[in-house]
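So the structure is just underneath, and the comments pick up after that.
The values are calculated or read from the model by the stated rules, or taken from the named source; none is laboratory data. Since we're looking at a predicted model, the values are computed, not measured. Here the Cβ is made from the backbone with ideal geometry for all residues, glycine too, and neighbour counts use every protein chain on show. Accessible surface is based on the protein model in full, side chains and every heavy atom, while ligands, DNA and RNA are left aside. Shrake-Rupley method; radii C 1.70, N 1.55, O 1.52, S 1.80 Å.
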Amino acid sequence: MRQSELIAEVSNHKQTLIAVVEQDDRVVYFYLYAQGEMRERFPGMRACWVRNLQPAPATEDHAATEQGLAPMMPAAYCRSLDGEPPLHPDGIQVIWNESDDGAALWYHGQLLAVVPGWSLYIDHQVSYAASCLKENGSTFPLGSASTNQQYARAEETRHFWRTWQHQHEHHPWQKLQQQFMERYEARFGPSVKYYAIDQGSWPPMAISQHEHNGVYYFLTLGVSIRPMPCVEILFNDDAGDYRRMEMAFAVEAQYVTEQSAVQMASALSGFAQLPWTTINWLGEGHTVESPMAPQGYEGFVLSDALCSPASKVSMPTVYGDKVNLYWASPIFTPEREFAHSQPNGGFELVKKLIEADVGHIFVPRGPVL
């Protein structure tokens with residue numbers, strides 16, 4: 001029996017997860033597992049059977065499992081009873097999904113397997129394989145784009161990355177950038193400064209600075225290009241209302257210098273990466289610590305509700321999804337502790353802030369708790 005061989009290894013964009021393809025002379029598997037600090041949160045690995053390379057056994061391959069080997073798939077679940085050809089490394093392409101928490105295995109342009117992002121957050125294995133004939137508990141048939149949403153999404157993801165790979169006349173960023181700037185300038189006047197915050201890596205992200213009626217406004221654009229992790233498993237069919245966001249910070253000019261306002265707004269640059277560096281999501285009432293918070297404050301609470309209806313920005317949709325604009329409002333240590341002390345504590349904190357007439361524009365204040 002030939003020892004299992006690693007034939008492909010591809011990290012996701014933030015180097016938090018890695019996908020590998022292994023095969024021996026019996027079977028091919030596709031694995032996803034966490035790297036670095038993420039291993040504590042996701043200690044196991046997601047294993048997806050891809051294909052048997054030898055005739056399928058009639059029953060469960062317990063002998064392989066007992067030897068610490070990857071088991072072959074029983075004949076009842078296999079598209080091919082005689083086994084299929086081994087994979088050659090040159091034909092393999094691993095494509096991570098847009099939220100950076102799931103991946104698909106392609107081979108010479110054919111989709112072989114999918115490990116969906118939401119499977120990372122549940123307590124049992126779920127994957128999809130083209131060579132799977134019927135469900136066997138952890139592996140499901142991949143089918144086709146017309147019969148399986150996972151197949152259709154994998155194709156959409158491949159198309160998504162193709163549109164972003166090369167500069168061309170209809171590059172997505174040009175259109176998105178224009179849409180966001182038009183909405184921001186319609187509400188806050190012309191942009192006075194524009195900061196790139198992507199550090200030259202994908203996706204393109206920036207902060208646009210505006211000055212309107214004695215207030216400095218800083219708004220991100222480009223963060224919403226990526227859907228956030230975790231949201232699909234939390235909100236299911238309503239995920240499109242929560243998985244994309246931009247952030248903003250506003251402060252009355254009389255209380256700060258422009259330089260100190262820019263320093264506080266630079267916290268948005270760090271927040272813009274958090275969902276993908278932590279494999280998590282940000283939403284209404286979520287809190288984040290930051291050394292960039294004004295003196296005396298520990299961090300920020302993110303909220304759309306703090307913004308009055310008359311002051312809201314009409315945000316464009318991105319890839320058919322709603323984009324939420326969360327205002328970062330500085331909070332004190334007891335306020336953040338309160339938000340974390342109970343279920344939905346962030347919502348309760350925002351409620352107390354609103355009751356104390358705290359809005360989305362920062363002015364110095366005392367604690368509400």
- request: Among the residues of region 263-277, count how many are assigned to a loop (DSSP other than H, G, I, E, B) and within 23 Å of residue 338 (Cα to Cα).
  value: 0
query: Just for strands (runs of 3 or more DSSP E) wholly inside region 278-339: which have at least 3 residues that are closer than 15 Å to residue 354 by Cα?
result: 299-303, 324-331
Answer from 289, 284 - the residue that is open to solvent by 50 Å² or more (accessible area, probe 1.4 Å) and either touching a residue at least 40 places away in the same chain (Cβ under 8 Å) or in contact with a Pro (Cβ under 6 Å, 6 or more places away or on another chain) (or both): 289
query: Quick check, is residue 249 in contact (Cβ under 8 Å) with a residue 60 or more places away in the chain, not in a loop (DSSP other than H, G, I, E, B) and not hydroxyl-bearing (Ser, Thr, Tyr)?
result: yes
Residue count, region 261-270 (criterion: open to solvent by 10 Å² or more (accessible area, probe 1.4 Å) and either touching a strand residue (DSSP E or B) at 6+ places or on another chain (Cβ under 9 Å) or not assigned by the TED database to the domain that holds residue 326 (or both)): 5
- prompt: What residue, of 220, 257, is open to solvent by less than 10 Å² (accessible area, probe 1.4 Å), within 23 Å of residue 363 (Cβ to Cβ), assigned by the TED database to the domain that holds residue 303 and not hydrophobic (A, V, I, L, M, F, W, C)?
  reply: 220
- request: Test residue 246 against the criterion of being open to solvent by 30 Å² or more (accessible area, probe 1.4 Å) and among the charged types (D, E, K, R), and give yes or no.
  value: no
query: Among 314, 329, which is at pLDDT 95 or above, among the small types (Gly, Ala, Ser) and open to solvent by 40 Å² or more (accessible area, probe 1.4 Å)?
result: 314
task: Kindly list, by first and then second residue, each pair from a residue in region 320-340 that is on the phi > 0 side of the Ramachandran plot to a residue that is in a helix (DSSP H, G or I), limited to pairs with Cβ atoms under 7 Å and residues at least 6 apart or on different chains.
output: 320/240
query: Does residue 179 satisfy the condition of being touching a residue at least 60 places away in the same chain (Cβ under 8 Å), surrounded by 12 or more Cβ atoms within 10 Å (Cβ to Cβ), closer than 22 Å to residue 320 by Cα and in contact with a Pro (Cβ under 7 Å, 6 or more places away or on another chain)?
result: yes
- line: When restricted to 90, 25, 82, the only residue more than 21 Å from the chain's Cα centre (by Cα), open to solvent by 30 Å² or more (accessible area, probe 1.4 Å) and either outside the structural domain of residue 128 (by the TED database) or without any contact (Cβ under 8 Å) to a residue 12 or more places away in the chain (or both) is 90
